[in-house]
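Trainee: Can you read through this structure? Questions will come right after.
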Amino acid sequence: MAIVPKANKKEKKVEIDLTGPDGNAFVLMGIAKNLAKQLGLDGEMITKEMMLGDYEDLLQTMEDYFGDFIIMYR
């Protein structure tokens, strides 16, 4: 059995296929709320920011807050 230091542990990112049902704006806001809760962030504030612009702005907000934890595919 190998013991791997925590620093070397590879974290798995959440993969989001924007061409499927997960690409729906409401689904993305749900994912954002869930991730925000896990990270101790204000999910309501983030989803309000996501609704300020168009779809591309929504995706950029996701990237800004959760880019270290998600991968979005088109």
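Every number here is computed from the coordinates shown, using simple stated rules; none is lab data. As the structure is a prediction and not an experimental result, all values here were calculated from the model. Cβ sites come from the backbone with ideal geometry, for glycine too, and all protein chains shown count toward neighbours.
Trainee: Kindly list, by first and then second residue, each pair from a residue in the range 45-72 that is under 19 Å from Glu15 (Cα atoms) to a residue that is of a type in the set (S, T, N, Q) and exposed (fewer than 12 other Cβ atoms within 10 Å of the Cβ), limited to pairs with Cβ atoms under 9 Å and residues at least 6 apart or on different chains.
Mentor: Hits for this filter: Phe69/Gln38.
Trainee: Taking the condition of being part of a helix (DSSP H, G or I), more than 16 Å from Tyr73 (Cα to Cα) and touching a helix residue (DSSP H, G or I) at 6+ places or on another chain (Cβ under 7 Å), how many residues in the range 33-57 meet it?
Mentor: 9
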